[in-house]
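A.B. asks: Take a look at this one; I'll ask things after.
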Amino acid sequence: MWVIVLISCVALITVILKYVFFSSGPDPFEKDSREPLKPMVHDKKELNKVLKQGFLASKVPENLDAIVIGSGIGGLGVAVLLAKVGKKVLVLEQHDRAGGCCHTFTEKGFEFDVGIHYIGDLLDHKPFRCMLDQMTNGQLQWEPLENPFDQVLLGPPENRRRYPIYSGRNRFPEELKKCFPGEEKAIDEYMRLAKKTGRGIWFLALLKLCPVPLAKFLIYTGLVKHLSFFFKMASRSLTDVVNELTENKDLRAVFTYIFGTYGNMPKDASFAMHSLLVTHYLNGAWYPKGGAAQIAYHMIPIIEKAGGAVLVRAPVNRILFNSAKEAYGGTAFLALWHWAETHGGDTFTAFAFMLSGVSVLKGQEEIHVHAPMVISNAGIFNTYESLLPKELQALPDIQNQLSMVKHGEGGLSIFIGLNGSKEELGLKADNYWIFTENNYDELVEKYMNGEREESSRKIPLLFVASPSAKDPTWEQRSPGKSTLSLVSFANYAWFEEWKDGKVTNRGPDYKDLKQGFIDSALEVVLDAFPKITRDKIEYIDAGTPITNTHYIGAPKGEIYGIDHGVARFSPELSSTIRPQTPLKNLYLTGQDVFLCGFAGALAGALTCGSVILNRNLHLDAIALAKRTKHLNNKLKGE
Ligand SMILES: Cc1cc2nc3c(=O)[nH]c(=O)nc-3n(C[C@H](O)[C@H](O)[C@H](O)COP(=O)(O)OP(=O)(O)OC[C@H]3O[C@@H](n4cnc5c(N)ncnc54)[C@H](O)[C@@H]3O)c2cc1C
Ligand SMILES: *[C@@H]1O[C@H](CO)[C@@H](O)[C@H](O)[C@H]1NC(C)=O
């Protein structure tokens, strides 16, 4: 008996290891592609030559290897990985500039970021940093934030408590202990749980990369939860875990404040997701030097060098399939086709359609672009519900995936341009998380489910940061000016009635509603930043969920793509939603296929690239980190 168990265990481990270490395709990280640092380009015209190349049929390269729909970090990321092994890739973006959540825009002379405020895990020599260096040929630089990088503000102005959050494996808990004497045990236990859970992230990648039968075996035998602390904790809510640790309401709030970076209130959030964010910022927080536009600016040339292109104003309106009926019109085939159709074979339906490319909508005209492979960065809902032909959308495997996911919360952004330097306005390279009280679950629930006018009068949580203060090149680019970026959540339904209006003019009622949110947010800011006064404000406007639909293609105004609640972290969903779709040669990349956030969406690209190139690129990135560390040490003469 025991011999059999032992043999099965060894066999299972061997099979798992095989899928962890699979590697038969070319390695995009094979050689160190970092080049000596070139002078940074700030000139808008120069940047736009790269970021704003408009779609024209004549600009489409011939003999494409793949088409990527969407130019977010998930789309550009996988395009760069493929380009590095010589593949010719076309990236198509619906907006008028490349970058997705990494794009920037300028109003009244102020440059604003959309979705990049701070990114963690970027210490030199860490795999994530090494990989990013390779993907930007060593040209993208990262500027560390202050330490403390986050400030948590709890309560009304007259009774506001302020808790600074420091990075550093030791410093983070030590500083918390200074704020909460007597809570040492709770803080240590919180750290232990977060670190142990966060470390298990590799199992998520394994479930997405291993063959489906192996994943099913691991899930249905319950082995997933035995082998992985990540999945063990994934089904527990954040509220549940922290309530067991302490009775102190402010400490519970400080343990959970970072839920804003994935968008589920603590009672719905998975402790696994939360632990990833806590560990993400444990070694520090960074901002891209020169602003977020530098990210896409340094990735696009790598795609072009391999013969590919990144074209904007290129909304894909459908993915094209040749029906095999047309492709193989033989009589025997048609008889078989007829038989399958009348017997309702779903596998047959999937097989009978051969992917052939995409259609781009130019005004009223459809322009067809062909390639043997299509990779979608547009998110799972857009891809399955808007871009597939009806017959394929109806496939049980597609419907099954759609039934597992739901739209995440809508985002609200407020952009403020200020007259004054960071010194004059008292702005630093850090972030503020401002809450009206410490009971987040009730606060957020009441706000999101409330009447829109009422909710607009009191925003219970507000993220406030100054992108200009984080960027050391800002002063030279816009002397004497500053920016503030505010982020919160908003219910898509509040704004839905205006979704079909013109983006620049949705009418006075929409404007009034927006103004309500702006006014109440501004009150919070003026109170928390005493050096900022109304006369300093030169520009202020807000983006609502329907703004997100327009500029980043988020179908329900989602701030972070599909919902990241507990259900997202079931092992079943984790293994079912993977880069391969039920349709041959159609792949998914970006935040929906892995996790949200810059790092999460890039992990989506790496996972997608792994499947296409048939090797574990996560491990390649780790190997690369080891090699470059060795190389750098040698250069330094160690
Ligand atoms: C306000 C805000 C603040 C954030 N702050 C941070 C932060 O500080 N740190 C962090 O790590 N993360 C942050 N994030 C999250 C992070 O930016 C995203 O999770 C990540 O960038 C998503 O990348 P992606 O490639 O998956 O998707 P996206 O960047 O959304 O890219 C998808 C692209 O597909 C395009 N597209 C969609 N449909 C079509 C179509 N039919 N045809 C052509 N193109 C199409 C869209 O226009 C878009 O450009 C923030 C997000 C937001 C919105
Ligand atoms: C900005 O502030 C300076 C001095 O505080 C003032 O002279 C200038 O007119 C202001 N500019 C604008 C556009 O308000």
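A.B. asks: Can you grab the distance from the C-alpha centre of the range 265-327 to the C-alpha centre of the range 98-146, Å, no decimals?
C.D. replies: First find each Cα centre; the distance between them is then 12 Å.
A.B. asks: Another question about this same structure. Taking 0.36 nm per residue of separation and subtracting the Cα-Cα distance, what length does fully extending residue 523 through residue 499 add?
C.D. replies: Between residue 523 and residue 499, full extension yields 5.9 nm more.
A.B. asks: Sticking with this one: What net charge is computed for the residues neighbouring residue 122, neighbours being all others with C-beta under 12 Å from the C-beta of residue 122, Lys and Arg scored +1, Asp and Glu -1?
C.D. replies: -1
A.B. asks: Another one. Using amide H atoms built 1.01 Å from N in the peptide plane, name the residues 5+ places from residue 267, or on other chains, whose amide H lies under 5 Å from its own.
C.D. replies: Amide H to amide H, under 5 Å and 5 or more residues apart or across chains, residue 267 pairs with 239.
A.B. asks: Where the Cα atoms of the range 1-149 are projected onto their three principal axes, how long is each span, largest first, in whole Å?
C.D. replies: In descending order, the Cα extents are 76, 50, 30 Å.
A.B. asks: State log₁₀ I(q)/I(0) for the range 402-475 at q = 0.19, 0.23, 0.26 Å⁻¹ as given by the Debye formula over alpha-carbon point scatterers of equal weight, solvent excluded.
C.D. replies: Those come out to -0.92, -1.07, -1.21, one per q.
A.B. asks: While we're on this one: Given 20 Å bins starting at zero, what is the percent of C-alpha pairs of the chain in each, up to the one with the largest pair distance?
C.D. replies: Taking all Cα pairs of the chain, the binned fractions are 18, 54, 25, 2, 0 percent.
A.B. asks: If you take the alpha carbon radius of gyration of the range 453-519 and divide it by 2.2 N^0.38 Å, what ratio comes out, to two decimals?
C.D. replies: 1.45
A.B. asks: Carbon-plus-sulfur fraction of the accessible area of the range 451-596, 1.4 Å probe, in percent?
C.D. replies: 48
A.B. asks: Non-local amide H neighbours of residue 362 (under 5 Å, H modeled in plane, Pro and chain starts lacking H): which ones?
C.D. replies: Residues meeting the criterion, in which the H sits 1.01 Å from N, are 367.
A.B. asks: Further question: Report the dimensions of the range 74-133 along its three principal axes from the alpha-carbon atoms, largest first, rounded to Å.
C.D. replies: 41, 32, 14
A.B. asks: What is the sum of charges around residue 595, taking Lys and Arg as +1, Asp and Glu as -1, for the other residues whose C-beta is under 14 Å from the C-beta of residue 595?
C.D. replies: Result for the local shell: -1.
A.B. asks: Next question, about the same structure. Counting Lys and Arg as +1 and Asp and Glu as -1, what is the net charge of the other residues whose Cβ lies under 12 Å from the Cβ of residue 271?
C.D. replies: Local charge sum for residue 271: +1.
A.B. asks: Given the chain, what percent of its DSSP beta bridges are antiparallel, to the nearest 5?
C.D. replies: Approximately 75 percent, going by the DSSP bridge assignments.
A.B. asks: Do any trypsin sites (Lys or Arg not before Pro) in the range 429-481 lie in a loop, going by DSSP, with at most 14 other beta-carbon atoms within 10 Å of their beta carbon, and if so which?
C.D. replies: Sparse-neighbourhood loop trypsin sites (Lys or Arg not before Pro): 458.
A.B. asks: Zone of residue 533 (label point 7 Å along Cα→Cβ, backbone N under 20 Å): which residues in the range 427-447?
C.D. replies: 427-428
A.B. asks: Can you send over the solvent-accessible area of residue 171, 1.4 Å probe, protein chains only, in Å² to the nearest 10?
C.D. replies: Estimated to the nearest 10 Å², residue 171 gives 90 Å².
A.B. asks: Pull up all non-local amide H partners of residue 557: gap of 5 or more, or a different chain, and H-to-H distance under 5 Å with H placed in the peptide plane.
C.D. replies: HN-HN under 5 Å from residue 557: 549.
A.B. asks: Assuming R0 = 56 Å, can you tell me the calculated FRET efficiency for the pair residue 368 and residue 34, based on Cβ-Cβ distance, to the nearest 0.05?
C.D. replies: So, using R0 = 56 Å, E works out to roughly 0.90.
A.B. asks: Using the alpha-carbon centroid of each, what span in Å lies between the range 559-624 and the range 154-173?
C.D. replies: Value for the Cα centre distance between the two parts: 33 Å.
A.B. asks: From the square roots a ≥ b ≥ c of the eigenvalues of the alpha-carbon gyration tensor of the range 80-188, which class results: rounded (a/c under 1.5), prolate (a/b over b/c), or oblate?
C.D. replies: Note, shape of the range 80-188 comes out oblate.
A.B. asks: In what order, largest first, do 188, 535 sit by accessible area if the probe radius is 1.4 Å?
C.D. replies: 535, 188
A.B. asks: Rolling a 1.4 angstrom probe over the protein heavy atoms, how many square angstrom per residue are accessible across the chain?
C.D. replies: 43
A.B. asks: Can I ask one more? Using a 1.4 Å probe, how large is the accessible area of residue 202, given in Å² and rounded to the nearest 10?
C.D. replies: So the heavy atoms of residue 202 present about 130 Å² to solvent.
A.B. asks: Shifting gears a bit: Take the alpha carbon gyration tensor of the range 229-272, find the square roots of its eigenvalues, order them as a ≥ b ≥ c, and report rounded if a/c is under 1.5; if not, report prolate when a/b exceeds b/c, else oblate.
C.D. replies: Verdict is oblate for the range 229-272.
A.B. asks: Over the Cα atoms of the range 466-623, how large are the radius of gyration and the largest Cα-Cα distance (Dmax), in Å?
C.D. replies: 20.5, 58
A.B. asks: Right, something else. Per 0.36 nm of contour for each residue apart, how much would the distance between residue 7 and residue 212 grow if the chain were fully extended, relative to their Cα-Cα spacing?
C.D. replies: Full extension of this stretch gives 71.6 nm more.
A.B. asks: Counting just the Cα atoms, what span does the range 118-177 cover along each of its three principal axes? Round to the nearest Å and put the largest first.
C.D. replies: Per principal axis, max minus min of the Cα coordinates gives 50, 24, 13 Å.
The values are calculated or read from the model by the stated rules, or taken from the named source; none is laboratory data. Keep in mind that this is a model prediction, so the values were computed, not measured. Please note: Cβ atoms are built from the backbone with ideal geometry, for glycine as well, and neighbour counts cover all protein chains shown. Heads up: the accessible areas ignore ligands, DNA and RNA and are worked out on the full protein's heavy atoms, side chains in. Shrake-Rupley method; radii C 1.70, N 1.55, O 1.52, S 1.80 Å.
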